[in-house]
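Everything on this sheet refers to the single structure shown next.
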Amino acid sequence: MTEDIILLKQPALLWSVETMSPDEAYRRDIDEVRMRLQQMAQQIALQHTSLTTKTETVHGNEYIKERLLTIGYSVEAITSYCELLCSSLQTYKEASSMLSLLRDSQPTYAEHQLNSLLEQNREFNSLLTDLNYYVVLVVNALVTENRSLENLMHSRMDDTTDHEQVNNEYKDFIRRGLELNKSLDKRIMYIDSLLRDIRKQMAASQVSRLEAQVAERRRKINEQRYQAKVEDVRDYEDLEGQYRHKYDEEGNLIGTEEGGSGGNRQGIKAIIIAVALVAIALVAHYFITL
């Protein structure tokens, strides 16, 4: 049964993967461990159920049934623990994905926290090792009970196992499950604290990004408003009867002003007057010289 448990890779190995980033390798590694844990829990539960069903067909099985019932508590504890462990690993995986999103905006923070996250593999491997030992104990107990059942079936003799002693040993297995849960609590507390901090950083990063977008939009609006004012001033000064647009702070058109006596129009009038004076002078000179 030990081959059914694999350990999480050490941080150095995750950083040395050439085909993908460390966080990608980390998430793939977690998926593999979670899959194997689920398979292990299913196998041991099936093994216990199969033996319990088999016991029902054998006469004189009362003690074996009682011991299998005690073992069943440990099987349930292992199944529950594997589910909780898989759920915790999934949360760690999600944390690494969140850190990946912060890599561009906060690279130093993201790398530091990713290193810390990968270091947690050492703690998880300690839990997996303890779980593996616990599973071996329970599987060996099932093998022993299956052997006792086989002997009872073939010899048609009552079970001669020291029932009370063995059953008490099986009860002691349950204590190991409780100790595993306490160890996992520390890993859950760590990831809970890290997720809260990551969410704060992501919120701050999002606010900064929104502020930058607003500032850029304001800059473009100001440019458009300035260009519109320049064009309106030219229209206002150069063309009689032209209208000058008025805008609010957001660059929206809110009204118009009628154009005045524009500078170019006044210049043209001055030229016309000058030409007329010259023409009058020429006519007067003509009549005087007659």
Among residues of the stretch 73-107 being in contact (Cβ under 8 Å) with a residue 24 or more places away in the chain and not in a helix (DSSP H, G or I), the residue surrounded by the fewest Cβ atoms within 10 Å (Cβ to Cβ) is Ser105
Per the list (1) among the aromatic types (Phe, Trp, Tyr); (2) surrounded by fewer than 21 Cβ atoms within 10 Å (Cβ to Cβ); (3) within 20 Å of Leu195 (Cβ to Cβ), residue check on Tyr26 breaks on (2)
More than 30 Å from His154 (Cα to Cα), in contact (Cβ under 8 Å) with a residue 40 or more places away in the chain and assigned to a helix (DSSP H, G or I): is that true of Gln38 in this structure? yes
Inspect the stretch 128-144 for any residue being part of a helix (DSSP H, G or I), farther than 27 Å from Arg34 by Cα and of a type outside the set (A, V, I, L, M) and give the result as yes or no. yes
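Take the stretch 82-141 and flag every residue that is small (Gly, Ala, Ser) and in contact with a Leu (Cβ under 8 Å, 6 or more places away or on another chain). Full working, then the answer.
Our first condition is that a residue be small (Gly, Ala, Ser); within the stretch 82-141, this holds for 87-88, 95-97, 100, 105, 110, 116, 126, 141.
Within the stretch 82-141, Ser88, Ala95, Ser96, Ala110, Ser116 qualify.
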For Trp15, the lone unmet condition from (1) at pLDDT below 90; (2) surrounded by fewer than 20 Cβ atoms within 10 Å (Cβ to Cβ); (3) over 30 Å from His112 (Cα atoms) is (3)
Exactly one of Leu101, Leu149, Leu89 is among the aliphatic types (A, V, I, L, M), out of contact with any Gly (no Cβ under 6 Å at 6 or more places or on another chain) and either over 23 Å from Arg34 (Cβ atoms) or not assigned by TED's automatic domain parsing to the domain that holds Val33 (or both), and that residue is Leu149
| task | Check whether at least one residue in the stretch 171-181 is within 27 Å of Leu101 (Cα to Cα), surrounded by 14 or more Cβ atoms within 10 Å (Cβ to Cβ), among the aromatic types (Phe, Trp, Tyr) and under 40 Å from the mean Cα position of the chain (by Cα), and report yes or no. | result | no
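The values are calculated or read from the model by the stated rules, or taken from the named source; none is laboratory data. In this text the structure is predicted, and so the values were computed from the model without any measurement. Counting neighbours? That spans all protein chains shown, and the Cβs are built from the backbone with ideal geometry, glycine included.
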